[in-house]
Amino acid sequence: MTTASSLSELQQQIRERYDSLSKRLQQVSRYVLDNTNSVAFDTVAVIAEQADVPPSTLIRFANAFDFTGFNEMKQLFRMNLVEETASYSDRARLFREMESESVPEAPIEILREFARSNAQALQQLASRTDPDMLQRAVHLLAEADTIYIAGLRRSFSVATYLTYALSHLDCRPILLDGMGGMLREQISRIKGRDIVISISFSPYAEETVMVSETAAKAGAKQIVITDSQLSPLATFSDLCFVVKEAQVDAFRSQSATLCLLQSLVVALAYQQGNGHT
């Protein structure tokens, strides 16, 4: 079992392992699943009192899920709470309230931190991406009649870029933007010889999951770009690229995702230029 990198991933692990946990750890499981805000804000002592367990049980619970301590696990709850706050101003304020240490606020400090974090994320992307998966993805794109691209909310910008880039190649990309509430009508045209590229990160857009479900029923191949193998999109994928983006305070980057998409487009361009299909 790998350590969860998002709250949704942790919650899934807790549900899957619940029956195998001791009664005490089941007690903690029920509390953390039902009281996400409390876990994000309250101290270990308060959480232990509310869950009616000794503080040591919280530590054992965190260790059972591969965390070094309960405070490390708490970070997933805190970041999820921040991410669910739509306003960037409120998000920054909430993050400052939860952090005891000072956070970078000067523009140059923020720039340096994003640059450092993005460099690490890009190195991880290059070292951990399976070369065979990349080659298979390019092959699927080359064989597709139509390439449908789904990416909403924070994934919309990279989905739009991918549509733009593919439009310069010998293929037919369509951005599933749901304009005018017409998403269902757009995806009703997906056929078995098409490819659907779905891009979504926690918290996952329900509309993108709907696209994947529809594509699966149509028999279309699917390339998924997400942040966890436990993502609801991964179930429907023929190829699933797990991308760990850089994160600075409460804000996640998109550099690694964009790098992966650019690599696929350029590789497809070379393949078409060489006359391969």
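The values are calculated or read from the model by the stated rules, or taken from the named source; none is laboratory data. Keep in mind that what you see is a predicted model, and the values were worked out from it rather than measured. Here the Cβ positions follow ideal geometry from the backbone for every residue, glycine too, while neighbour counts run over all protein chains shown. To get the accessible areas, we keep the full protein, side chains included, count just its heavy atoms, and leave off ligands, DNA and RNA. Shrake-Rupley method; radii C 1.70, N 1.55, O 1.52, S 1.80 Å.
For region 158-189, enumerate the residues that are assigned to a helix (DSSP H, G or I), modelled with pLDDT of 95 or more and open to solvent by 20 Å² or more (accessible area, probe 1.4 Å).
The answer is T160, Y161, T163, Y164.
Consider L140 carefully, then state whether it is in a helix (DSSP H, G or I) and either in contact with a Ser or Thr (Cβ under 7 Å, 6 or more places away or on another chain) or open to solvent by less than 20 Å² (accessible area, probe 1.4 Å) (or both). Walk me through it before giving the result.
Numbers: in a helix (DSSP H, G or I): yes; either in contact with a Ser or Thr (Cβ under 7 Å, 6 or more places away or on another chain) or open to solvent by less than 20 Å² (accessible area, probe 1.4 Å) (or both): no.
Spelling it out, it is not the case that L140 is in a helix (DSSP H, G or I) and either in contact with a Ser or Thr (Cβ under 7 Å, 6 or more places away or on another chain) or open to solvent by less than 20 Å² (accessible area, probe 1.4 Å) (or both).
Tell me which of these D194 doesn't satisfy, since it passes every other one: (1) over 19 Å from the mean Cα position of the chain (by Cα); (2) open to solvent by 70 Å² or more (accessible area, probe 1.4 Å).
Against the list (1) over 19 Å from the mean Cα position of the chain (by Cα); (2) open to solvent by 70 Å² or more (accessible area, probe 1.4 Å), D194 comes up short only on (2).
For region 20-48, what are the residues that are more than 26 Å from the chain's Cα centre (by Cα), at pLDDT 90 or above and open to solvent by 40 Å² or more (accessible area, probe 1.4 Å)?
Result: S20, S22, K23, R24, Q27.
Against the conditions (1) at pLDDT below 90; (2) under 23 Å from A256 (Cβ atoms), where does A106 fall short? Just the number, please.
In the conditions (1) at pLDDT below 90; (2) under 23 Å from A256 (Cβ atoms), A106 misses (2) alone.
Could you tell me whether T214 is open to solvent by less than 20 Å² (accessible area, probe 1.4 Å) and assigned to a helix (DSSP H, G or I)? Spell out the reasoning first.
Values: open to solvent by less than 20 Å² (accessible area, probe 1.4 Å): no; assigned to a helix (DSSP H, G or I): yes.
Taking the combined requirement at face value, the residue does not satisfy it.
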